[in-house]
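Novice: Dropping a structure here in structure tokens format, bear with me for questions.
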Amino acid sequence: MYISDIDKVINGKLCPNNCQMIFNTKNQNYKRDLARHLKYCQGPETAKQVKLDHLPKPYYPHISNNKLLQKLVATGQSDLLSPTLNYITFDFETVESIINGVDNLIAQLEPLPIASAATINGLITTLYFDLRDGTDFIEQWISQLFEVAIKVNEANQSNIPEVQINDKNYIPYKPQVSVIGFNSKKFDMNLLLKHLIKNRTKIQYMGSTTQAKQTVVSHQDYDFDLRFIDILSFIPPNNTLKQFVEKFGTKGIKLTK
Ligand SMILES: [Zn+2]
């Protein structure tokens with residue numbers, strides 16, 4: 001990505017000597033002020049220059065970080081890439097527990113149950129855990145999730161093209177199983193994170209403190225990673241779950257609260 005007209009973005013004219021002064025182009029004294037400034041402006045204290053790429057590049061981390069695609073491009077077979085058909089979806093049901101009670105300003109979301117569905121070759125396997133399974137029900141769910149993901153991963157691996165790279169320096173990549181939430185990048189992932197940071201798991205987190213763009217969880221007992229993503233990061237904004245499901249094409253499925 002690059003900015004073609006910086007003046008438009010900052011809504012003003014930057015001093016051409018890069019001293020970071022901004023002039024309001026809509027001000028009637030704009031030309032006079034700029035000319036007056038340029039008489040004494042010495043430029044920046046330390047000279048810095050931005051080097052932009054010759055060609056603008058689109059921002060598409062979900063494609064550019066796709067290890068299989070990288071492998072296929074490297075061997076000139078990128079047309080063999082096909083959609084990933086097997087994945088897991090999940091959702092938390094939460095309740096607000098009010099902390100200070102006086103003006104209800106501070107509330108904390110507490111998870112009640114968690115449910116997930118694994119789609120494996122068109123068949124759906126569900127998992128459901130709630131407080132009745134114990135206070136560690138989220139940990140129980142995570143460990144079962146890895147078990148279910150074994151089959152999801154196997155199904156995905158049997159669908160991908162066989163590509164051999166005969167280079168002794170080539171490091172085979174660890175496959176990822178997508179665990180997809182709907183609007184999960186804020187609350188759901190923050191709830192999950194503290195449970196995911198457990199023994200024998202390693203986390204690669206992408207995003208800010210309040211918004212998890214992508215969380216990759218590795219477990220030493222499994223030869224694949226779980227990749228938690230929010231489907232809302234990949235579709236246009238302002239979609240309700242109902243609208244999304246309709247567009248996704250699951251005709252006949254009724255959503256209930
Ligand atoms: Zn200047």
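Novice: Rounded to the nearest 500, what is the 222 nm mean residue ellipticity of the chain from helices alone, with -39500 (n - 2.57) per DSSP H run of 4+ residues and division by all residues?
Specialist: One gets -8000 deg cm²/dmol as the mean residue ellipticity at 222 nm.
Novice: Return the sequence-ordered ³J(HN,Hα) values of the stretch 217-227 in whole Hz as given by the Karplus equation 6.51 cos²θ - 1.76 cosθ + 1.60 applied to θ = phi - 60°, using x for Gly and Pro.
Specialist: Each residue of the stretch 217-227 in turn: 10, 9, 10, 5, 8, 10, 8, 9, 10, 9, 10 Hz.
Novice: Of the peptides 69-76, 36-43, 145-152, how do they stack up when ordered by the mean number of other Cβ atoms within 10 Å, highest first?
Specialist: Top of the packing list down: 145-152, 69-76, 36-43.
Novice: At 0.36 nm per residue, and after removing the present C-alpha to C-alpha distance, how many nm does the segment from THR126 to SER143 gain when stretched out fully?
Specialist: Result: 4.7 nm gained on full extension.
Novice: Roughly speaking, to the nearest percent, how much of the stretch 85-248's 1.4 Å accessible area is carbon and sulfur?
Specialist: Exposed carbon and sulfur together represent 53 percent of the surface.
Novice: Enter the angle in degrees (range 0 to 90, nearest 10) between the Cα long axis of helix 137-159 and the first principal axis of the Cα atoms of the chain, meaning the one along which they spread out most.
Specialist: Between the helix axis and the principal axis of the chain, the angle is about 90 degrees.
Novice: Now for a different question. Can you give the accessible area of PHE244 in Å² (nearest 10), computed on protein heavy atoms with a 1.4 Å probe?
Specialist: My reading of the accessible area for PHE244 is about 40 Å².
Novice: Take the Cα atoms of the chain, build their convex hull, and give its volume per residue in Å³.
Specialist: Output value, Cα hull per residue: 265 Å³.
Novice: Using a 1.4 angstrom probe, figure out how much accessible area the chain has per residue, in square angstrom, rounded to the nearest whole.
Specialist: 72
Novice: Would you mind checking LYS57/LYS174; LYS71/LYS194; LYS151/LYS202 for any pair whose Cα atoms are more than 31 angstrom apart?
Specialist: LYS71/LYS194
Novice: Which three extents, in whole angstrom, do the alpha-carbon atoms of the stretch 157-223 cover along their principal axes, largest first?
Specialist: Extents along the principal axes: 44, 27, 21 Å.
Novice: Mind pulling the angle between the C-alpha long axis of helix 30-40 and the longest principal axis of the chain? Nearest 10 degrees, somewhere in 0 to 90.
Specialist: Value to nearest ten degrees: 80.
Novice: List the extent of the Cα atoms of the stretch 69-187 along each of their three principal axes, largest first, rounded to whole Å.
Specialist: The principal-axis extents, from largest down, are 66, 29, 25 Å.
Novice: Compute the helix-to-body angle for 187-196: its Cα long axis versus the longest principal axis of the chain, expressed 0 to 90° and rounded to tens.
Specialist: That works out to roughly 60 degrees.
Novice: For the cross-link pairs LYS26/LYS213; LYS185/LYS242; LYS67/LYS242; LYS13/LYS185; LYS67/LYS168, which exceed 29 Å when the distance is taken from alpha carbon to alpha carbon?
Specialist: In this structure, LYS26/LYS213; LYS67/LYS242; LYS13/LYS185 lie more than 29 Å apart at Cα.
The values are calculated or read from the model by the stated rules, or taken from the named source; none is laboratory data. Here the structure is a predicted model, which is why all the values come from computation and not from measurement. Heads up, the Cβs are rebuilt from the backbone with ideal geometry, glycines too, and the neighbour counts pull from every protein chain shown. Ligands, DNA and RNA are stripped out before the accessible areas are found, and what is left, the full protein with its side chains, is counted by its heavy atoms. Shrake-Rupley method; radii C 1.70, N 1.55, O 1.52, S 1.80 Å.
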